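**Student:** Here it is, the structure in full.
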Amino acid sequence: MEPKEYVIMLLKNHSRMVRETATLRFELKNFVKVGDDEIIEEMALSHQMGDGIRSGLISNKTADVALRYQEVVNRVNEEAYKAVIHRLNALETAIERLDFYLGQLDKTQTDVLQGYYFERKTWREMQEGMNLATKSLRRIRDTAVASLAEQYALLFSLSVITEGEKELFP
C-alpha cells in the first residue's frame, strides 16, 4: 500500500476507527472468557452411571480430558484477549498519529479534510461554511492529502507504521 492510499484509507475510516476503538475498550473491560469452571469440575469429578446417576468417582481419562480442556480454554481465552489488544493498539496508534499530523497542517487544510472525510459534508455545504469555491476546496484537500502522504512516506521508509496498522481495513 502506498502512503497516499494509506492516508486516504485512514481519513475515510477515521470515524469507523474511533467507534471500533470504543467498542474494543468496552469488550476488554467486560471480557467474557470462553469456558466455565463448573463444566471442568463436572467433567473432572463425575461421570454417568447406568441410570444417569452421577458418581463422585473420577477416572484418569476424565481427569486428563478435563485438564486438556482447561488448557485449551486458557489458550483460546489468551489468544482472543491478545487479538483484541492487538487490534485496539493498532487502531489507537493510527488514530493518534493521524490526529497529530492533521494538527500539523494549517487550519484551513484540517477543516477541509475533517469536513470532507470525517463529517461527510458535500462540497456545497463546505462552500457555504467556508466561503470558498469547490475548485479551491478540492485543491486544498489534495494539497493536504499530499502533505500527509509525504509525512507517512517517511514513516513507511522508517518502518514506523506496523503491518497491523497497514492492514486495519484490507
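**Student:** How large is ³J(HN,Hα), in whole Hz, for each residue of the stretch 136-143 in order, when computed from phi with the Karplus curve 6.51 cos²θ - 1.76 cosθ + 1.60 and θ = phi - 60°, using x for Gly and Pro?
**Tutor:** Those phi angles translate into 5, 4, 5, 4, 4, 4, 5, 5 Hz.
**Student:** While we're on this one: So if I restrict to the alpha-carbon atoms in the stretch 113-166, what is the Rg, and what is Dmax, the biggest pairwise distance, in Å?
**Tutor:** Here Rg and the maximum Cα pair distance are 14.5, 41 Å.
**Student:** While we're on this one: On the protein heavy atoms, probe 1.4 angstrom, tell me the percent of accessible surface of the stretch 61-170 carried by carbon and sulfur. Kindly include the intermediate steps, with their values, before the conclusion.
**Tutor:** Values: 3490 of 6730 Å².
For the stretch 61-170, the apolar C and S fraction of the accessible surface comes to 52 percent.
**Student:** Still on this structure, I have one more. Could you tell me the calculated FRET efficiency between GLU125 and ILE85, based on Cβ-Cβ distance and R0 = 41 angstrom, to the nearest 0.05? Before the final figure, lay out the partial values.
**Tutor:** Values: r = 39 Å, r/R0 = 0.95.
Once rounded, the FRET efficiency stands at 0.60.
**Student:** Related question: List, in order, the whole-Hz ³J(HN,Hα) value for each residue of the stretch 123-135 obtained from phi through the Karplus relation with A = 6.51, B = -1.76, C = 1.60 and θ = phi - 60°; use x for Gly and Pro.
**Tutor:** Result, rounded to whole Hz: 4, 4, 4, 6, 4, 5, x, 10, 6, 10, 6, 4, 4.
**Student:** Shifting gears a bit: Across the stretch 14-22, in residue order, what do the Karplus-derived ³J(HN,Hα) couplings come to in whole Hz, using 6.51 cos²θ - 1.76 cosθ + 1.60 with θ = phi - 60° and x for Gly and Pro?
**Tutor:** Those phi angles translate into 4, 4, 4, 5, 5, 4, 5, 4, 4 Hz.
**Student:** Moving on to the next point. Given labels modelled 7 Å from the Cα in the Cβ direction, how far is it in nm from LYS4 to GLU27?
**Tutor:** Once both label points are built, they end up 3.4 nm from each other.
**Student:** Another question, then. Do the alpha carbons of any pairs in LYS29/LYS121; LYS135/LYS166; LYS12/LYS166; LYS4/LYS29; LYS82/LYS121; LYS4/LYS107 sit beyond 26 Å of each other, and which pairs? Mind dumping the intermediate values first?
**Tutor:** Details: LYS29/LYS121 34 Å; LYS135/LYS166 31 Å; LYS12/LYS166 14 Å; LYS4/LYS29 35 Å; LYS82/LYS121 37 Å; LYS4/LYS107 20 Å.
Beyond 26 Å: LYS29/LYS121; LYS135/LYS166; LYS4/LYS29; LYS82/LYS121.
The values are calculated or read from the model by the stated rules, or taken from the named source; none is laboratory data. From a predicted model like this one, the values you see are computed outputs, not experimental measurements. Note that we place each Cβ from the backbone using ideal geometry, even for glycine, and neighbour counts take in every protein chain shown. Please note that ligands, DNA and RNA were not included when accessible areas were found on the heavy atoms of the full protein model with its side chains. Shrake-Rupley method; radii C 1.70, N 1.55, O 1.52, S 1.80 Å.
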